[in-house]
1. Tell me, what is the FRET efficiency for Val67 and Lys104 to the nearest 0.05, using R0 = 30 angstrom and their Cβ-Cβ distance as r?
2. Quick one: length gained pulling Tyr164 to Tyr93 fully straight, 0.36 nm per residue minus the C-alpha distance?
3. With a cut-off of at most 12 other beta carbons within 10 Å, and DSSP calling the residue loop, which GluC sites (Glu not before Pro) in the range 10-93 qualify? Please list them.
4. Whenever you get a sec, line up Asp137, Asp19 from highest to lowest accessible area (probe 1.4 Å, protein heavy atoms).
5. With every protein chain left in place, what is the accessible area of Leu152 in Å² (1.4 Å probe, nearest 10)?
6. With a cut-off of at most 11 other beta carbons within 10 Å, and DSSP calling the residue loop, which chymotrypsin sites (Phe, Trp or Tyr not before Pro) in the range 46-154 qualify? Please list them.
7. Roll a 1.4 Å probe over the protein chains and send me the accessible area per residue for the range 62-179 in Å².
8. Check the straight Cα-Cα distances from Lys29 and name the aspartates and glutamates below 13 Å, setting aside those fewer than 8 residues away within the same chain.
Amino acid sequence: MSLFNAGNALELLFLESPDPILMVDDQWKVCELNQQFCRVFNHSRAFFIGKKLDLVAVQLFEGRMLVRVQSAIRQMRSAEPVNRSYELTYRDYHLKLSSFVDKKTASTYFLFRDVTDYHHALQELKESEYRYKMLSDLTFEGIVIHHDLKLLDCNVSFLNLMGYSREEVSGLNLLDLIPAQVDKQLARELGCSVQRIH
C-alpha cells in the first residue's frame with residue numbers, strides 16, 4: 001500500500017522518476033520505492049518492502065562496495081538531516097546516491113542518479129589520451145602542446161632534442177628554449193602559424 005495520497009504531485013514525481021528512488025521510515029525499513037529502483041536493482045517491489053536498509057545492502061552489494069554502502073548508511077544515520085551524496089557501483093551501473101530527510105514524516109529518501117554514461121565517456125577520454133600519449137612518444141619528431149607559447153605538454157622526442165627533463169620545461173615559455181643566437185622575433189612570427197590550444 002502506497003504512503004502517498006492518490007493524485008499527489010510528489011507521488012507522481014516519485015513513481016515516474018527516471019532515477020531509482022527508495023524511501024525508508026524512521027526505523028530504517030523500506031516503506032516505498034519506484035519501478036526504476038526495481039529495474040536497476042533487478043528485484044520486485046515485494047522483495048524490498050518492510051526490510052531493514054542494512055539487510056537490503058547485504059543482499060545487493062558485496063566486497064568493498066558493501067563496506068562503502070554500509071559506511072554511508074552509518075554516516076547518514078548518525079548525521080543531522082542534511083543532503084549528502086555518495087558514488088557507488090552496482091553491476092554495470094555507476095550511481096550517485098543522494099539522500100534527504102523529510103522532517104515531517106521522519107522518512108529518508110534515497111535518490112540513485114544513473115551516471116553510467118558519464119563514467120563510460122570519461123573512461124573513453126582517458127583511453128584516447130593514453131593512446132595519443134603513446135603515439136606521440138613513439139615518433140622521432142618533437143611535439144609540443146602550448147597556449148600562447150606557454151608549454152603545456154610535449155613528447156619524449158622533444159625532450160631528447162632539447163636536452164631537458166619534463167620537469168625543467170613544464171610551464172616554460174617556448175621562447176626561453178630558443179638559443180640566444182636565434183632571432184626570437186622570427187621565432188615569434190613562425191609561432192603565429194602554429195596551431196594553438198584555446
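The values are calculated or read from the model by the stated rules, or taken from the named source; none is laboratory data. Everything numeric here is computed off the predicted structure, so don't read it as measured data. Note: ideal-geometry Cβ built from the backbone for every residue, glycine included; neighbour counts use all protein chains shown. Just the protein is used for accessible areas: all its heavy atoms, side chains included, with ligands, DNA and RNA removed. Shrake-Rupley method; radii C 1.70, N 1.55, O 1.52, S 1.80 Å.
1. 0.35
2. Details: separation 71, 0.36 × 71 = 25.56 nm, distance 4.46 nm.
Answer, rounded to one decimal: 21.1 nm.
3. Values: sites: Glu11, Glu16, Glu32, Glu62, Glu87; in loops: Glu62.
Of the GluC sites (Glu not before Pro), the ones in loops of the range 10-93 whose Cβ has at most 12 other Cβ atoms within 10 Å are Glu62.
4. Highest to lowest solvent-accessible surface, that is Asp137, Asp19.
5. Spelled out: Leu152, probe radius 1.4 Å, area about 100 Å².
6. Values: sites: Phe47, Phe48, Phe61, Tyr86, Tyr90, Tyr93, Phe100, Tyr109, Phe110, Phe112, Tyr118, Tyr130, Tyr132, Phe140; in loops: Phe61, Phe140.
Sparse-neighbourhood loop chymotrypsin sites (Phe, Trp or Tyr not before Pro): Phe140.
7. Numbers: 8090 Å² over 118 residues.
Per residue, the range 62-179 has an accessible area of 69 Å².
8. Asp54
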